[in-house]
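Notes to accompany the following structure.
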Amino acid sequence: VLFTYVKQDVLYLLIKNRYNVKGDFAIVALKIESGTYFLYPVRNLIPFNPTEFTVTSGSALVGGYFNYRPLILHYNFKLQQSKILPGFFNEQGELTQMKPSDDGSVDVIVSAKNMEKRKSLWIRNYDAEGSLVKTTVLEPEEKKNLIFGRSLKMPNGEQVISGVYGRYTDYSRGIFVASVNMLGEYSIKYYQFAELEHFFNYMKARREKRVKEKIERRRVKGKKIKFNYRVLVQELIPFNNQYILLGEAFYPHYIYPGNVQIFDGYQYTHAVVIGFDKNGKLMWDNSFEINDVKTLTLEKYVKIYPDDDRIILLYLYENIIRSKIISGSEVLEGKSLDEMKLKFEGDEVKEKETEGSKLDYWYGNNFIAYGVQRVHNKQNSGVPSQRKVFFINKVTHSRATH
């Protein structure tokens, strides 16, 4: 199984035989409630490396790369036919998003360099049958690169694109917000990290104070101070006539045994949450400190759940759920820690004895937490003193109660 995707009450599995040298796939559609399933053979003439999988109301899409060039395979469930979506194979680029809509259409974002060697975003809109409807190219200002973007279609058919930009392609200098109308005309607003009120809240109080004082001194002199961060952009979601962008800041950590540089993982610092209106105007910002996560592969840790007039942020690391509740720039409930419940009385999980733990969206206001743990129990109540288990917990949003 390469990927899974849940749509309504159906679990879709993308499968490929590792010993099959051809590019063919298979899709299993499993009805969760009844357990019945359908198998769809997907013919594919181009053996490419899949990296994305999503499902619309009538089709499945598999995104990936062939010879460093992005492409998308479109499979029609009703006709049981597959094809490569038009508009690719021209230049090298990075497939950043496949965003399905309720009507079966799909928006695809590819990040690639333009003629001036600046990173731009190619936004291609496809109808439910996989025909190319429109292509819009977001071009950055001079000395800027649009590094990564997320798309959201508005009720009137227009689009909001938001992500990070930078002077260089490896580091972000701030957030951009673009509004694209039905004709493909667009406008882009840029906000440097130094303009955000709460971006530096993850720092210790004295360091944060020094940074903000430095920003203010430069502002009084009519100058701006530039900060460069690596930011993994996660979600772009609608909320109370606004739009919310969620991203996570990180940096690569190295160790130097014997004066040799060795990569030791990505150290996360904080998540940034930004609200803006339909015109791209910044309304508020907030942050959520992540001072205990280091991983060898970049993953999306923080989950977000808008609930009436508040927003719940939470993530799982080791055996503990961290959560924070905000309302715009206001903090309603600071960072709280809740241990995952274990099965038996006296069960205990020590530090660094949880492997591969993940927190994923499930349904409504519920999340699913799972992973592998080594559990200790010293109460001598018929339970082994040590056991290794795979755990699954249902987590509800408010205070991560199970």
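The values are calculated or read from the model by the stated rules, or taken from the named source; none is laboratory data. Just so we're clear, the structure is a prediction, and the values are computed from it rather than from any experiment. We place every Cβ from the backbone using ideal geometry, glycine too, and count neighbours over all the protein chains shown. Surface areas here come from the heavy atoms of the whole protein model, side chains and all, with no ligands, DNA or RNA. Shrake-Rupley method; radii C 1.70, N 1.55, O 1.52, S 1.80 Å.
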*Among the residues of the range 113-127, count how many are in a strand (DSSP E or B), open to solvent by 10 Å² or more (accessible area, probe 1.4 Å) and within 21 Å of Thr54 (Cβ to Cβ).*
3
_Between Leu79, Leu71, which is among the aliphatic types (A, V, I, L, M), open to solvent by less than 10 Å² (accessible area, probe 1.4 Å) and modelled with pLDDT of 90 or more?_
Leu71
_Count of the range 56-102 residues which are among the acidic types (Asp, Glu) and assigned to a loop (DSSP other than H, G, I, E, B)_ = 2
*Based on what the data block shows, is Ser398 under 20 Å from the mean Cα position of the chain (by Cα), within 24 Å of Val273 (Cα to Cα), modelled with pLDDT under 80 and of a type in the set (S, T, N, Q)?*
no
*With the range 308-391 as the region, which strands (runs of 3 or more DSSP E) entirely inside it contain at least 3 residues that are of a type in the set (Phe, Trp, Tyr) and open to solvent by 50 Å² or more (accessible area, probe 1.4 Å)?*
354-363
*Which of the residues belonging to the range 69-110 are out of contact with any strand residue (DSSP E or B) (no Cβ under 9 Å at 6 or more places or on another chain) and either acidic (Asp, Glu) or under 17 Å from Leu121 (Cα atoms) (or both)?*
Arg69, Asp102, Asp103
_Restricting to the range 165-200, count the residues that are of a type in the set (Lys, Arg) and surrounded by fewer than 22 Cβ atoms within 10 Å (Cβ to Cβ)._
2
*How many residues are open to solvent by less than 50 Å² (accessible area, probe 1.4 Å) and either of a type in the set (Lys, Arg) or touching a residue at least 60 places away in the same chain (Cβ under 8 Å) (or both) if we restrict to the range 295-304?*
3
*Residues of the range 282-294 being open to solvent by 30 Å² or more (accessible area, probe 1.4 Å) and part of a loop (DSSP other than H, G, I, E, B), which ones?*
Asn291, Asp292
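Yes/no matrix, rows are residues, columns are (1) in a loop (DSSP other than H, G, I, E, B); (2) over 17 Å from the mean Cα position of the chain (by Cα):
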site	(1), (2)
Ile175	no, no
Ser179	no, yes
Lys214	no, yes
Gly222	yes, yes
Gln234	no, no
Ile237	no, no
Ala249	no, no
Gly280	yes, yes
*asked:* Restricting to the range 128-143, give me the number of residues that are open to solvent by 40 Å² or more (accessible area, probe 1.4 Å) and in a loop (DSSP other than H, G, I, E, B).
replied: 6
_Going residue by residue through the range 258-265, is there one that turns out to be surrounded by fewer than 11 Cβ atoms within 10 Å (Cβ to Cβ), more than 30 Å from Lys99 (Cβ to Cβ) and acidic (Asp, Glu)?_
no
*If the Cβ limit is 7 Å and pairs must be 6+ apart or interchain, which residue in the range 258-283 that is without any contact (Cβ under 8 Å) to a residue 40 or more places away in the chain pairs with which residue that is among the hydroxyl-bearing types (Ser, Thr, Tyr) and open to solvent by 10 Å² or more (accessible area, probe 1.4 Å)?*
Gln261/Tyr254; Ile262/Tyr254; Phe263/Tyr254; Asp264/Tyr254; Gly265/Thr295; Tyr266/Thr295; Gln267/Tyr251; Tyr268/Tyr301
*asked:* Quick check on my filter: what residues within the range 21-45 are assigned to a loop (DSSP other than H, G, I, E, B) and surrounded by 14 or more Cβ atoms within 10 Å (Cβ to Cβ)?
replied: Gly23, Asp24, Arg43, Asn44
